[in-house]
1. May I ask you to list the residues in region 97-112 that are touching a helix residue (DSSP H, G or I) at 6+ places or on another chain (Cβ under 8 Å) and part of a loop (DSSP other than H, G, I, E, B)?
2. In region 120-141, what count of residues is obtained for those that are part of a loop (DSSP other than H, G, I, E, B) and more than 9 Å from the ligand (Cβ to nearest atom)?
3. Do you know which residues across region 142-152 are in contact with a helix residue (DSSP H, G or I) (Cβ under 8 Å, 6 or more places away or on another chain), part of a helix (DSSP H, G or I) and either more than 8 Å from the ligand (Cβ to nearest atom) or at pLDDT 90 or above (or both)?
4. Step by step: first the residues of region 259-306, then only those that are away from the ligand (no atom under 16 Å from the Cβ) and of a type in the set (Lys, Arg), then the one that is surrounded by the fewest Cβ atoms within 10 Å (Cβ to Cβ). Which residue is that?
5. State yes or no: is residue 87 away from the ligand (no atom under 16 Å from the Cβ), touching a residue at least 40 places away in the same chain (Cβ under 8 Å), over 16 Å from the mean Cα position of the chain (by Cα) and in a loop (DSSP other than H, G, I, E, B)?
Amino acid sequence: MLLTLRCRLLSPQLSKMFRSLPHPQKSHPSSLTFGASISQQPNCPYASAAKGQRPAALSESTKFVRTVLFVPPGVNPDDVTDDMILPGSNIVLGPYAGEAKVKDVDFVKSSNRPKDCPKDDRPEFAMLGRSNVGKSSLINFLVRKKEVALTSKRPGKTQLINHFLVNKSWYIVDLPGYGFANAPESARMDWSSFTKGYFLNRETLVSVLLLIDASVPPQKIDLDCANWLGRNNISMTFVFTKCDKMKGGKGRRPDENIRNFLELMKENYRQHPPWIMTSSITGLGRDELLLHMSQLRNYWDSEETN
Ligand code: GDP
């Protein structure tokens, strides 16, 4: 069951699966309606997608990105139109998207072994990335609480899995950063067995948010990590951080770095995993990422209850 679900959330297999998935008929708590803040705005780009209407025009850009889109459960890839694609991402918004507001967040516990993690069946998203990628900033920015993610800010020294409970119903999990520039070799080696154990055994893991710094060119360690997750059938979303950083001089711009990263990943995937651009400074991508998480979560919930 778990393996099946993970495979279903893994994008390389999605388009195949979704063609055969019927449009969800039954109502699921918070799954088939969009948050008022999004769907009820008259000019909101997602409004017609939320109501299930199909806009007539299909632009050239949609035709192009269609080849790399992440199409979620409940959406026929042939029905995707521009206004269903979340800006700054390849993610199509589908009928499972629901409540995406963060009302409250509580720190639950720090675990130093995967088997010490909370033992309940709430779905969770794991945040993973190189040290300094902007993980703490992203977590604080998602939950809009300063210092929520400070607990884990001791790179290379303490390796802890930190669980934060959001809206009393799902978890954000802060995992130790990898690739610490100054960490001793032993700390770097520990990361793999420690964190890999979590990925392979955590039954309630809906998806890994793999954070990639868009202000620097693709890094081998990030590509290795993404490939390892892919090989192990672990659902992931690439969350590009620091997309506000427009480098002058020789440095490449975030959009170029992202394109290069995705190009390198393309060699290993028939279809791109979902990806999204964010900035903890400008707020870019926050609402979109929360919506994406809501649709993965609601789909996961609906599969669990079936
Ligand atoms: P962590 O080690 O992955 O938890 O990274 P932090 O959240 O501590 O961020 C590392 C550094 O990157 C800090 O100096 C942050 O201010 C900076 N940073 C984080 N997010 C962003 C962002 O979106 N844009 C920019 N320009 N800097 C960021």
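The values are calculated or read from the model by the stated rules, or taken from the named source; none is laboratory data. What you are looking at is a predicted structure, and each value in this text was computed from that prediction instead of being measured. All Cβ positions, even for glycine, are placed from backbone atoms using ideal geometry, and neighbour counts span all protein chains on display.
1. Answer for region 97-112, where residues must be touching a helix residue (DSSP H, G or I) at 6+ places or on another chain (Cβ under 8 Å) and part of a loop (DSSP other than H, G, I, E, B): 97, 98, 99, 100, 101, 102.
2. Residues of region 120-141 that are part of a loop (DSSP other than H, G, I, E, B), as a first pass: 120-123, 131-134.
Restricting the remaining residues to those that are more than 9 Å from the ligand (Cβ to nearest atom) gives 120-123.
Result for region 120-141: 4.
3. Taking region 142-152 and keeping what is in contact with a helix residue (DSSP H, G or I) (Cβ under 8 Å, 6 or more places away or on another chain), we get 142, 146-150, 152.
Within this subset, residues satisfying the condition of being part of a helix (DSSP H, G or I) are 142, 148-150, 152.
142, 148, 150 - these are the residues of region 142-152 that are in contact with a helix residue (DSSP H, G or I) (Cβ under 8 Å, 6 or more places away or on another chain), part of a helix (DSSP H, G or I) and either more than 8 Å from the ligand (Cβ to nearest atom) or at pLDDT 90 or above (or both).
4. Residue satisfying both the conditions and the ranking: 270.
5. Details: away from the ligand (no atom under 16 Å from the Cβ): yes; touching a residue at least 40 places away in the same chain (Cβ under 8 Å): yes; over 16 Å from the mean Cα position of the chain (by Cα): no; in a loop (DSSP other than H, G, I, E, B): yes.
So residue 87 does not fit the description; no.
Results for (1) in contact (Cβ under 8 Å) with a residue 60 or more places away in the chain; (2) within 16 Å of the ligand (Cβ to nearest atom), shown as yes or no for each residue.
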site	(1), (2)
195	yes, yes
198	yes, no
208	yes, yes
211	yes, yes
218	no, no
245	no, yes
252	no, yes
257	no, yes
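Conditions tested, residue by residue: (1) assigned to a loop (DSSP other than H, G, I, E, B); (2) crowded, with 16+ Cβ neighbours inside 10 Å; (3) at pLDDT 90 or above; (4) touching a strand residue (DSSP E or B) at 6+ places or on another chain (Cβ under 8 Å).
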| site | (1), (2), (3), (4) |
| --- | --- |
| 27 | yes, no, no, no |
| 31 | yes, yes, no, no |
| 61 | no, no, no, no |
| 74 | yes, yes, yes, no |
| 95 | yes, yes, yes, no |
| 115 | no, no, no, no |
